[in-house]
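Here the structure is laid out as structure tokens; the discussion comes afterwards.
Throughout, read-outs are computed from the coordinates displayed, never taken from laboratory work. Because the structure is a prediction, the values reported are computed rather than measured. Using ideal geometry, Cβ is built from the backbone for each residue, glycine included, and neighbour counts are taken over all protein chains shown.
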Number of protein chains: 4
Amino acid sequence: MKKPGTPFSISQGCTVSELAQKMGGTSFQARNLAHAVEIWSQMLEGDVTIFLGLAGAMVPAGMRQIMVYLIENRLIDCLVSTGANLFHDLHETLGRFHWQGSAQADDEELANSKTFRIYDVLTSEEEFDKTEQFVIDFSTKLELDRPYTTREFFFLLGNELSSQGNEEGILTAAAKANLPIYCPAPGDSVYGTALATAQVKLGNRLLFDVIKDVVEIVQIACSAPTTGVIFIGGGTPKNFIQQVELCGHLYDKALKGHEYAIQITTDSPQWGGLSGCTFEEARSWRKITPDAATVTVNCDATIALPIIVSALGERAAKVLQNRKKPSFTLGKELTIL
Amino acid sequence: MKKPGTPFSISQGCTVSELAQKMGGTSFQARNLAHAVEIWSQMLEGDVTIFLGLAGAMVPAGMRQIMVYLIENRLIDCLVSTGANLFHDLHETLGRFHWQGSAQADDEELANSKTFRIYDVLTSEEEFDKTEQFVIDFSTKLELDRPYTTREFFFLLGNELSSQGNEEGILTAAAKANLPIYCPAPGDSVYGTALATAQVKLGNRLLFDVIKDVVEIVQIACSAPTTGVIFIGGGTPKNFIQQVELCGHLYDKALKGHEYAIQITTDSPQWGGLSGCTFEEARSWRKITPDAATVTVNCDATIALPIIVSALGERAAKVLQNRKKPSFTLGKELTIL
Amino acid sequence: MKKPGTPFSISQGCTVSELAQKMGGTSFQARNLAHAVEIWSQMLEGDVTIFLGLAGAMVPAGMRQIMVYLIENRLIDCLVSTGANLFHDLHETLGRFHWQGSAQADDEELANSKTFRIYDVLTSEEEFDKTEQFVIDFSTKLELDRPYTTREFFFLLGNELSSQGNEEGILTAAAKANLPIYCPAPGDSVYGTALATAQVKLGNRLLFDVIKDVVEIVQIACSAPTTGVIFIGGGTPKNFIQQVELCGHLYDKALKGHEYAIQITTDSPQWGGLSGCTFEEARSWRKITPDAATVTVNCDATIALPIIVSALGERAAKVLQNRKKPSFTLGKELTIL
Amino acid sequence: MKKPGTPFSISQGCTVSELAQKMGGTSFQARNLAHAVEIWSQMLEGDVTIFLGLAGAMVPAGMRQIMVYLIENRLIDCLVSTGANLFHDLHETLGRFHWQGSAQADDEELANSKTFRIYDVLTSEEEFDKTEQFVIDFSTKLELDRPYTTREFFFLLGNELSSQGNEEGILTAAAKANLPIYCPAPGDSVYGTALATAQVKLGNRLLFDVIKDVVEIVQIACSAPTTGVIFIGGGTPKNFIQQVELCGHLYDKALKGHEYAIQITTDSPQWGGLSGCTFEEARSWRKITPDAATVTVNCDATIALPIIVSALGERAAKVLQNRKKPSFTLGKELTIL
């Protein structure tokens, strides 16, 4: 018992950075939230390649511009996402909206008015169809005689969107920043249904090389002096990033686990799944090093993420300017510069 | 679909009030958090008597000064609490600490070093014993020939602490502000074990009239033009405040339900308990009016409460000055002025 | 790695006892469920006084006859309950019902038809009022010049109900079995509102000595060679039973913690509250002995409890017959024979 | 209020089918569990093609033989799974084990002894490596000049395992039963790391056509008179099966939503993700028909699944014999007979 807690005291004009700092004096999940800011700051100060796993309907929930901020200011170096978030990003990049609704809506009525619900967010079926059609059209511009990594696909899509002068989003910002995006389950989203339509109706069989995705992300990890991970939710992105550390043999390198790890989750360990598992469990697999700086923030990411990134933005301005960034070219092959 | 979401955008020097406002443009629990600030603001602007139910180890977790702020600035009018929080408040008021520990501590080792753990908070058994002894000593100063409401007991205790010049805490601030505190289960906490010791070892049988507590809080509700509730966690405080609305007949008044309701909870409705139940369910009981402004924030209170109260403090300064406060004298009987 | 898991295999006519046994070969919460059966069995075989804490709307959810079974067959020795469960038990004992409804009901409509909802259970306001009136009437038969422990109150109520020839329930079975029931927050339930009505409208001030409740339960623990605990949910019952182990000094006995502990909970440790805390944490307080047999079953009690008790009933028949039971007389004073 | 609840009563020799039936008289999640048995029974009686989505570490947790039972007795018609469960199945099929451990294990010690932990299950790194090598070896037997659906890959793997005379498991039983298995994220599992090794070290670039997976499963749904879904956990399997209903246009058929739906989940709606979302929400998307029979069982699947399937096995024996099964040939192309 070395350090007494410091009760949170209310002060006028408190900034979010100060909020996070004051939370560091408290306990339970508020302290974990403050700790997450500290660990992310440490990653930014070190020579660390940062992977972010993004699951959950974060774009519909309003987290898209935070992701753009993370990419543009290089607070992360590689993004692994569910297909849905990347589709929802495309939807907004094309100028369409996610609408504020209610979790107590009458779903039969919504169905009749062709409105889709995502908890308390609404989307228009008609507008969704237009964005799906955009994906179909885009796919016809790609080569059919060779497979694409999901990384290349989303890079090309980001470039295409930028060239058309659309609103800035995750895909466009990542393409500009040469920041790779991986999507372990591209078929499980409207990208999947759009490309299935292209395959059946247009005979346009676009192939993803999802195994090469694995190869590439291992390559990135093997080329980094140190790695850190940030998980927003669990799902395929979390495991896809975690399993990298078991694959050093691909490039004859002894990967020993990520050295920094943050997860923001509403899942719990007792159900046994990978999404809710602790970083302690991850240590048994050596996905995380024994002495890694780790924290789990048990909180809805729509609350935790704005706080953490606002606090980082305030504190890390100087650090960010000097940050040594991993550089990639994102052509057919990923090349690490 | 009238209102599109506004993705959260990172800005420099963002204050907590701005944070909450920006969260209002997003969805999921961040929007609910923003909504809680709005509803509490509405309560402060109206002629509303505000009950706050406090459960969970909020004082050890660092929320004590926030409670003091709420009392001193009259953001609440009546507090219902578990005994534990009121004991932990006493502990800190007497100059002792809750210490920062780790949820992964070795508990056998802690037991051997006489250290108690509350998740990631530590307390010293020896120091706890001193605070328990303080309660025993205090109880010997009370009359034995009549029962006390818990409200009177904690009012007298707050006064006693103030008169001894201790640090300001919940009990002292509430006594000064004539703000009533109720504790539905006084035996279930160190107050209970201390007073049991007094009863067995000193023959000092202090009696609580826990039914008169019910009578008094109904009296408060019946004297209020409008009522609002804020629940930090569930437990006995939540139900104790909710059941008030079923008791208007005590004073021949037709109570129709609280008109404003906020709950911050990590529990869920699907388990069927009162702690996690929705305000929709409460409407069937008429504990909440049909058109009440209500919101549930599914979030650890150590995160939600600092944000909500910081935002309120920033926004509500003016409102607070003009707020018409319910006035009570807290003697043997509660008198509403 | 000594023992491989045994995958659960489907077999015809599998009994619940076999179900639990087969779950012991699996993992996650199924294994914990099986483990709970084992620990409870050990308690029954040993010379153990068993405390059961009951929280959550277990009687409305259909768990009342299981509680009766536990009492009649002496699978538990002392019950600590929320007031609500004891009121709901009274309600059914008087021949009234809890009805099957839906969690998606229209609550405004329910309110208009004077129907209360508890998740997917419905109750009639009119019938509730009758049961509340029964409590008021019963209270007028008690002495006003002295306080009652909640234990004595519920014993007398159980006797009264039996003498009127009502259906067998928790209160009646416990009174017949001389099994003590404690209720740490009697004001927080319809008992509280009924007795408040009696106090205001009839001038009938019934007093509970909730501190003597603490004294008595400590007395029970101090007279037991060994103690075990079973928590259905958390709330005041859990802590009320746990804190007993800190009170051995009342009877100059060194209590060292309960030696068996089972909890069935849907809460989680990360929120820091006592309801969801682990038995590891409890060890730091010495509420649980270092080598206690403990298990947490993370499961809705409506699923876990029927399985555990059905399996126990099947296996423990023999053990139960020979079980040495603690004996009490439950008069004004609790006397341990 | 038409139907009173029937409290659960303990009876000797109660079978699991009787357990489930008695739970139908109770409330909260026990009633939902009973309801799941009813809905699954209805599916088996009707002309329904049943999709099961499997997420979470269900095979390590001991659910593998239940899956085999479901396949062999045709209680399901199509399986969508995470890669991990299919790898863990392979591991056991090759005669290796998942071991019973503890969730409180020392993970650094485990790491040093090359033991991986999955909550309270342990696996040997060395043995895992052998199973991974088996995948690498198997991949060298496949053609490199054309892509495989994951369905074809796992069908061929199941056949290979059978031909080698291995223990019966999910992959082998499915291959024998001509039951298609889809895996939306094959790269996210040891299959992914094994095939990445084959690609880098052996130059053996196996291609998955994950979009054709989408096409095929839509084809199955379009050929079925009626469809039903069962979700064990969420993740990619849940959405992958749900999105099928938005794709009827691929085969010019108006799919209107699944007509039966069961989910067993420990997730909650309030976090906004697809894994925890309600079937009400799914109705707004028309993934579920307005009048579908649906139930969500909020329970660890290791508890719920053994009960549901044991009860079904007992009740449905007759129904199963007469069940009209969808028939497929699972060659290069999926052909519906």
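Please compute the contact order of the stretch B:16-336 in relative form: average sequence separation of alpha-carbon pairs under 8 Å and at least six residues apart, divided by the residue count, as a percent. Write out the running numbers ahead of the final one.
Numbers: 567 pairs, mean separation 83.3, N = 321.
Once normalised by length, the contact order is 26 percent.
Assuming a ≥ b ≥ c are the square roots of the Cα gyration tensor eigenvalues, decide whether the stretch D:198-240 counts as rounded (a/c under 1.5), prolate (otherwise, with a/b larger than b/c) or oblate. Numbers along the way, then the final one.
Details: a/c = 4.78, a/b = 1.97, b/c = 2.43.
In terms of gyration-tensor shape, oblate.
In the stretch D:226-337, what percentage of the DSSP-assigned beta bridges are antiparallel, given to the nearest 5? Spell out each step's value before the answer.
On the way: 3 of 15 bridges.
Antiparallel: roughly 20 percent of the beta bridges in the stretch D:226-337.
For B:L156, what is the net charge nearby, where nearby means another residue's Cβ is under 12 Å from its Cβ and Lys, Arg count +1, Asp, Glu -1?
Working: positive: B:K141, B:R151, B:K332; negative: B:E143, B:E152, B:E160.
The answer is 0.
Based on the Cα coordinates of the protein assembly as shown, what is the per residue volume of their convex hull in Å³?
Enclosed volume per residue, from the Cα hull, is 154 Å³.
In deg cm²/dmol, rounded to 500, what helix-only [θ] at 222 nm does chain A give when every DSSP H run of at least 4 residues adds -39500 (n - 2.57) and the total is split over its residues? Walk me through the numbers on the way to the answer.
Details: 14 runs with 149 residues, N = 337.
-13000 deg cm²/dmol, from helical runs alone.
Mind scanning B:K287/C:K201; B:K256/D:K2; B:K238/B:K332; B:K238/C:K212; A:K238/D:K238; D:K130/D:K176 and naming the pairs with a C-alpha gap bigger than 20 Å?
On the way: B:K287/C:K201 22 Å; B:K256/D:K2 27 Å; B:K238/B:K332 25 Å; B:K238/C:K212 25 Å; A:K238/D:K238 17 Å; D:K130/D:K176 25 Å.
From the list (B:K287/C:K201; B:K256/D:K2; B:K238/B:K332; B:K238/C:K212; A:K238/D:K238; D:K130/D:K176), the Cα-Cα distance tops 20 Å for B:K287/C:K201; B:K256/D:K2; B:K238/B:K332; B:K238/C:K212; D:K130/D:K176.
Quick one: grab the alpha carbon gyration tensor of the stretch D:99-153, order the square roots of its eigenvalues as a ≥ b ≥ c, and give me rounded if a/c is under 1.5, else prolate or oblate depending on whether a/b is larger than b/c.
Because a/c hits 1.5 or more and a/b exceeds b/c, the stretch D:99-153 counts as prolate.
Take peptide B:234-245, look around each residue's Cβ out to 10 angstrom, count Cβ atoms belonging to other protein chains, and average those counts.
Other-chain Cβ atoms within 10 Å of each residue's Cβ, averaged: 4.
Please enumerate, by chain and number, the aspartates and glutamates with C-alpha under 14 Å from the C-alpha of D:K3, excluding those fewer than 8 residues away in the same chain.
Qualifying aspartates and glutamates at Cα under 14 Å: C:D120.
State, to one decimal in nm and shortest first, how far the label point of D:E167 sits from each corresponding label point in the other identical copies (label point: 7 angstrom along Cα-to-Cβ).
Label-point distances to the other copies, shortest first: 4.9, 5.4, 5.9 nm.
Tell me, what is the FRET efficiency for A:L337 and C:A254 to the nearest 0.05, using R0 = 56 angstrom and their Cβ-Cβ distance as r? Don't skip to the end; give the middle numbers.
Values: r = 69 Å, r/R0 = 1.24.
According to the calculation, E is roughly 0.20.
If you filter the stretch C:117-152 for trypsin sites (Lys or Arg not before Pro), then keep DSSP loop positions with at most 13 other Cβ within 10 Å, what is left?
C:K141
Would you kindly work out, in nm and rounded to one decimal, the distances from the label point of D:D252 to those of the same position in each other copy, ordered shortest first, with label points 7 Å along Cα-to-Cβ?
Label-point distances to the other copies, shortest first: 5.8, 7.9, 9.6 nm.
Among DSSP beta bridges whose residues both lie in the protein assembly as shown, state the antiparallel percentage, nearest 5.
30 percent
Over the stretch D:258-337, what is the relative contact order in whole percent, taking alpha-carbon pairs under 8 Å and six or more residues apart?
Normalised by residue count, the contact order of the stretch D:258-337 is 29 percent.
Output ³J(HN,Hα) for the stretch D:23-30: one whole-Hz value per residue in order, computed from phi by the Karplus curve 6.51 cos²θ - 1.76 cosθ + 1.60 with θ = phi - 60°, and x for Gly and Pro.
3J(HN,Hα) across the stretch D:23-30, in whole Hz: 4, x, x, 9, 9, 6, 6, 5.
Placing unit charges on C-beta atoms (Lys and Arg positive, Asp and Glu negative, everything else neutral), compute the dipole magnitude of chain B about its Cα centre in debye, rounded to 20.
Numbers: 29 positive and 39 negative charges, 251 e Å.
I would put it at about 1200 debye.
Among DSSP bridges having both ends in chain D, what percentage is antiparallel? Round to the nearest 5.
The answer is about 25 percent antiparallel.
Projected onto the charge dipole of chain B (+1 at Lys/Arg Cβ, -1 at Asp/Glu Cβ, origin at the Cα centre), which of B:I308, B:T197, B:P184 gives the Cα projection farthest towards the positive end?
B:I308
Near the amide H of B:T226, under 5 Å away, which other amide H atoms are found, from residues 5 or more places off or on another chain, if H is placed in the peptide plane?
Long-range HN contacts for B:T226: B:T49.
Counting only residues 5 or more places away or on other chains, whose amide H sits under 5 Å from the amide H of C:T296 once H atoms are built in the peptide plane?
Long-range HN contacts for C:T296: C:Q263.
Enter the angle in degrees (range 0 to 90, nearest 10) between the Cα long axis of helix A:301-315 and the first principal axis of the Cα atoms of chain A, meaning the one along which they spread out most.
Roughly 60 degrees between the two axes.
Inter-copy label distances at B:K3, 7 Å along the Cα→beta-carbon direction, one decimal in nm, shortest first?
Those separations, rounded to one decimal, come out as 4.0, 4.1, 5.7 nm.
Between the stretch A:210-253 and the stretch D:191-269, what is the C-alpha centre distance in whole Å?
24 Å
Select from the stretch D:1-106 those trypsin sites (Lys or Arg not before Pro) which occupy a DSSP coil region and have at most 12 other Cβ atoms within 10 Å, ordered by residue number.
D:K2
Would you please state the base-10 log of I(q)/I(0) at q = 0.17, 0.19, 0.20, 0.21 1/Å for the stretch D:273-337, with intensities from the Debye formula using one equal scatterer on every alpha carbon?
Listed by q, the Debye log ratios stand at -1.02, -1.05, -1.03, -1.01.
At 20 °C and 1.002 mPa s, what whole-number value in µm²/s does Stokes-Einstein give for the translational diffusion of chain C, with Rh from the Kirkwood sum over Cα pairs?
Translational D for this selection: 103 µm²/s.
Taking only Cα atoms, what is the 0 to 90° angle, nearest 10, from helix D:190-201's long axis to the longest principal axis of chain D?
Between the helix axis and the principal axis of chain D, the angle is about 20 degrees.
Residues of D:201-211, mean number of Cβ from any other protein chain within 10 Å of their own Cβ, rounded to a whole number? Show your work: numbers first, answer last.
On the way: counts 3, 0, 0, 1, 5, 2, 7, 7, 8, 13, 18.
Neighbouring Cβ atoms belonging to other protein chains average 6 per residue here.
So, with +1 on the Cβ of K and R and -1 on the Cβ of D and E, and no other charges, what is the size of the charge dipole of the protein assembly as shown about its Cα centre, to the nearest 20 debye?
Values: 116 positive and 156 negative charges, 0 e Å.
It works out to roughly 0 debye.
What does the average come to when, for each residue of peptide D:94-100, you count the partner chain Cβ atoms lying within 10 Å of its Cβ?
4
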